[in-house]
Amino acid sequence: MSNVVFILLVILFFSILLTFVVKQSSKEYILEEQSAKKIALAIDAANPGTQIYLNLAKVLEKNVREEPITIQGNIVYVKLTEKTGYGYAFFNNVNVEVVKQGNGKIMDENGGVLFRVR
């Protein structure tokens with residue numbers, strides 16, 4: 001009986017481990033993580049009144065959401081799919097907004113995204 005319990009626990013452990021590895025190795029997750037960190041580091045280096053323009057065309061071409069980049073408080077969230085998402089905090093005590101372009105989207109025709117630091 002104890003062998004059966006041990007085998008079930010081992011199977012459960014490896015299935016959780018496999019799920020974690022598959023999620024961490026997906027392209028979307030890596031792009032979300034890199035983008036959130038890139039945006040947060042740019043905001044940390046910015047002074048109030050600065051406008052930051054980042055080319056995120058490679059990242060946002062994978063997007064299936066209406067608003068893939070959001071900033072709440074001091075955390076940048078990048079969520080490209082409904083299942084995944086990544087948040088990264090910045091330390092600069094500023095208000096940041098993601099500027100929507102004329103077409104109502106955040107990305108312009110060149111693949112750039114504009115952030116206003118206040």
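Readers should treat all values here as calculations from the given coordinates under stated rules, not as data from a laboratory. These numbers were taken from a predicted model, which means no experiment stands behind them. FYI the Cβ positions are ideal-geometry reconstructions off the backbone, even for glycines, and counts take in every protein chain you see.
So the values come out like this:
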| read-out | value |
| --- | --- |
| C-alpha center-to-center spacing [the stretch 7-27, the stretch 61-118] in angstrom | 31 |
| Helix-only mean residue ellipticity at 222 nm for the chain, each DSSP H run of n ≥ 4 adding -39500 (n - 2.57), per residue, nearest 500 | -12500 deg cm²/dmol |
| When each of LYS27/LYS100; LYS23/LYS105; LYS27/LYS58 is checked by Cα-Cα distance, pairs over 22 Å | LYS27/LYS100; LYS23/LYS105 |
| Structure-derived Cα Rg over 2.2 N^0.38 Å - corresponding label in (i) 1.40; (ii) 1.75; (iii) 1.87 | (i) |
| Gain in span if fully extended, VAL4 to GLU61, counting 0.36 nm per residue against the direct Cα distance | 15.7 nm |
| Local electrostatic count at VAL22 - Lys and Arg +1, Asp and Glu -1, tallied over other residues with Cβ under 14 Å | +2 |
| Total formal charge among the other residues, if their Cβ is under 15 angstrom from that of GLU67, Lys/Arg +1 and Asp/Glu -1 | +1 |
